[in-house]
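All of the numbers you see were taken from the coordinates with simple rules; none came from a lab. On a predicted model such as this, the values are computed, not experimentally measured, just so you know. Because the Cβ atoms are built from the backbone with ideal geometry, glycine has one as well, and the counts that use them run over all protein chains shown.
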2 protein chains.
Amino acid sequence: MSDLRPPENQVGGHRASANKLGPLIDGSGLFYKPLQAGDRGEHELAFYEAFSTHSAVPARIRDTFFPRFHGTRLLPTESRPGEPHPHLVLDDLLAGLEAPCVADIKIGAITWPPSSPEPYVAKCVAMDRGTTSVLLGFRVTGVRVVDPEGAVWRTERPEVKALDTAGVRRVLRRYVSSVADEGMDCALAAAVYGGKGGVLSQLRELKAWFEEQTLFHFYSASILLGYDASAVAASGGAGGVRVKLVDFAHVAEGDGVIDHNFLGGLCSLIKFISDIVPETPQTQPLGPS
Amino acid sequence: MSDLRPPENQVGGHRASANKLGPLIDGSGLFYKPLQAGDRGEHELAFYEAFSTHSAVPARIRDTFFPRFHGTRLLPTESRPGEPHPHLVLDDLLAGLEAPCVADIKIGAITWPPSSPEPYVAKCVAMDRGTTSVLLGFRVTGVRVVDPEGAVWRTERPEVKALDTAGVRRVLRRYVSSVADEGMDCALAAAVYGGKGGVLSQLRELKAWFEEQTLFHFYSASILLGYDASAVAASGGAGGVRVKLVDFAHVAEGDGVIDHNFLGGLCSLIKFISDIVPETPQTQPLGPS
C-alpha cells in the first residue's frame, strides 16, 4: 500500500493531490479509481458489477476492450486524513509499458443519458456543441506522448477543450509522431494505427460488437488508446497497442436497442484514423490463374 | 397540369388544401414539393442542385437512394389564387405501385445542424427527447399500408408522435402485415424486408456509403420505404421495394467528416428490422468436398 501514487501518464479527470481525490496506482498492475460523488460512483460500480458477470458479453470483448474489475477497496486519502474513501480496483491499463503513450477520446455526439434531468441535458448540449462532440461524434480529452529517451509532449486542458476539426486531426497525428519532431512525421502511424493488432483493427472489432449489442448505452464513456513507444522503436511492430473503454458513470441500459450514439462516433473515429494511415490492402484481388 | 392533385399515400408533412401548400403529383411520375418558407426551401433547392451534379457521389447511390431532381416549377396554388409558388420537381417515388405501402422514418438522434441558433436547438432537443429519436436514433413519422383489395391501415399524427420503443416495433411489424390481420402476421416480412433487393439489403448498401461519405450531413432527413402490396401478393417477390432519402432542408456540409449521426440511426433501424425478419444465411458454409 505504501507504493500508492498518482499515475504519471494520466490524461483525463482529476489528479490526486492534497486537495483532490484522483486515481492511484500501486506498481503491481492495479489502478484505484475513487468512487465519484453523488450517484455517479455508485452507478459506475453497479455497471462494473453487472458487466463483469453478464453472460451475454463475449469473453473476448470483455477481456480485450475493458479493464478487468477487482471489486472495491477503502483507501486512505491525502485530502481527508482518517477518512478512507472507496475506490474501484481495476487493471492498470498502461502497466508494463516502458514508454506509455496515451490518448483519451470521449465517444458520442450525445454525452447525456436520455433520462437525465433538463438542466443537466442543457449543460451537456452546450459542452457537446462547444467541443467537437456534436460535429465529429467524439472529442479528444487528453493526449500524452513520450519517447524512449523520456521526452514528453502532452495536451494542456484549456487547449484540448478548444480543439476544432483540424486540431483533432493534428493531435491524432501527433499521437503517432516522434516527440522531437514538431512537423508531425507520423513515424509510428503504420505500427500503431495500422497492421495486425493495431488500433484500427481493434476499433473495427469493437465496431462489429456495437452493431449487435443491445445491453448497454455508453453515454460519456471514453476510448483509451495506449502503446509503448520503446517497444515500437525496438521492434517496429504493434508495440503493445491497447484499445479500452473507460468511464462508466453514465452508462444506461440498452433495453434491446443498439448504442447508435457510441457506434456513430466510433465509426467517425475510425474514419479519422484511417485517413492518417494509408493501409495496405488486406486481401489481394485474384488475378487470372 | 390539370391532373395536379395531392398524393393519396402521403404520410408526412402538410397536405395540400385550400388553406395550405402541400406536395402534388401529376400522374406522369413527377412529384411537386412546394419550396418551404424562410430559408428552408432555398436550402433544400441548393442541396438538390449540389447533390445532383456532385462528381464524388456514385451514380449507383444517387440513382438508387435519392429522388431524381428535375429543377423547379412555378405552380398555381389553391390557397393563394394568382400567386404561383415555386416547387421542386422530383420523381414521384411511389409511381407505378398499384397498392403502395409507405413508411416515413426520420433518421438521427440529433435533428438540428450544429450551426443552428440556440432556441432552435432547444426546441429540437425537446422534440428529439419527447419522441424516440434520442433513444433509438430514429423516429417513425408516418406509415400507410394498403392491401390489393384497397383496405387501408394508417398511423394518425398525434398517435405516431407518442410512439415508444415497443410502439415502433409494432408499427414496423404492421408495415409488413396484412391490413386485415390485427394480429400483425408479418406475412410480407420475408418478401419486403428480407431477401435480395429487400429493405435490409438496400439499407446495408446505404450504410456502406455512409461509413465513407464525408460530403453531406443529413440532419432531419427521412428514409422513405415503399413497396407494392399487389406485386408482393402476385409474385411473392420483393414487389418493387424502394428505399429513398427525402427532406433535405437541414442538410449541412460534411467537411471531411462522416455523418455519424445518420449512420448511427441507420444502424439502429437495420437492427430493428433484422429483429423482425429472421434472415436466411446469405452464404452457405462450405462442406467438405
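Of the trypsin sites (Lys or Arg not before Pro) found in the stretch A:170-261, those in coil by DSSP whose Cβ has at most 10 other Cβ atoms within 10 Å are A:196. In nanometres and ascending order, the distances from the residue B:91 label point to those of the other copies are 5.1 (point 7 Å from Cα along Cα→Cβ).
With Cα atoms defining each centre, the stretch B:103-146 and the stretch B:169-232 are spaced 19 Å apart in the structure.
Return the average number of partner chain Cβ atoms within 10 angstrom of each residue Cβ along peptide B:252-263.
Numbers: counts 1, 0, 0, 3, 6, 9, 9, 4, 18, 10, 2, 9.
Per residue, the number of nearby Cβ atoms from other chains is 6 on average.
Dipole of the stretch A:1-137 computed with +1 at Lys/Arg Cβ and -1 at Asp/Glu Cβ about the Cα centre; of A:88, A:17, A:116, farthest Cα towards the positive end is A:116.
Label-point spacing at residue B:151 relative to the other copies reads 7.8 nm, in ascending order, each point sitting 7 Å out from Cα along Cα→Cβ.
Computed from backbone phi with θ = phi - 60° and the Karplus coefficients 6.51, -1.76 and 1.60, the 3J(HN,Hα) list for the stretch A:43-54 is 5, 5, 4, 4, 4, 4, 5, 5, 5, 6, 10, 6 Hz; x is used for glycine and proline.
In percent, rounded to a whole number, the relative contact order of the stretch A:70-190 is 19, using alpha-carbon pairs under 8 Å and six or more apart.
To the nearest whole number, what is the average tally of beta carbon atoms from other chains within 10 Å of the beta carbons of peptide B:112-121?
Details: counts 3, 2, 8, 3, 1, 0, 4, 0, 0, 5.
Counting other chains' Cβ atoms within 10 Å and averaging over B:112-121 gives 3.
Computed extension length for residue A:115-residue A:181: 19.2 nm, one decimal, from 0.36 nm per residue of separation with the Cα-Cα distance subtracted. Based on C-alpha pairs under 8 angstrom that are at least 6 apart in sequence, chain B has a relative contact order of 20 percent. Evaluated on the protein assembly as shown, the Kirkwood hydrodynamic radius is 26.1 Å, with distances taken between all distinct Cα atoms.
When the listed pairs A:123/B:271; A:161/A:271; A:271/B:106; B:33/B:161; A:106/B:196 are checked against a 29 Å cut-off, the alpha-carbon distance exceeds it for A:123/B:271; A:106/B:196. Sorted from shortest to longest, the distances between the residue A:185 label points of this copy and the other copies are 7.1 nm, with each point 7 Å from Cα along the line through the beta carbon.
So if I average 1/r over every pair of distinct C-alpha atoms in chain A and take the inverse, what Kirkwood radius in Å does that give? All intermediate terms of the calculation are to be shown ahead of the outcome.
Working: mean 1/r = 0.0503 Å⁻¹.
Taking the inverse mean of 1/r over all distinct Cα pairs, chain A comes out at 19.9 Å.
Between the amide H of residue B:75 and those of B:85, B:87, distances stay under 5 Å, these residues lying 5 or more places away or on another chain, with hydrogens modeled in the peptide plane. Result for chain B in a Gaussian network model with C-alpha springs under 10 Å: among B:82, B:108, B:239, the largest mean-square fluctuation is at B:82. Rounded to the nearest 20 debye, the dipole magnitude of the protein assembly as shown is 280 debye, with +1 charges on Lys and Arg beta carbons, -1 on Asp and Glu beta carbons, and the Cα centre as origin. Partner shielding of A:134-144 amounts to 3, given as the average count of beta-carbon atoms from other chains within 10 Å of each residue beta-carbon. In this structure, the amide hydrogen of residue B:142, modeled 1.01 Å from its nitrogen in the peptide plane, lies closer than 5 angstrom to those of B:104, counting only residues at least 5 positions away or on a different chain. Entry note, the stretch B:1-93: relative contact order of 28 percent, from Cα contacts under 8 Å with a spacing of 6+ residues.
Kindly provide log₁₀ I(q)/I(0) values, in the same order as q = 0.26 Å⁻¹, from the Debye equation applied to equal alpha-carbon scatterers of the stretch A:154-241. Calculated log10 I(q)/I(0) at the listed q: -1.28.
Mean-square fluctuations from a GNM of chain A, with a 10 angstrom spring cutoff on Cα atoms, peak among A:98, A:118, A:212 at A:118. Where chain B is carried onto chain A by rotation, the Cβ closest to that axis, with its residue and distance in Å, is B:264, 1.
The mean of 1/r over all distinct Cα pairs in the stretch B:24-91, once inverted, gives the Kirkwood hydrodynamic radius of 13.0 Å.
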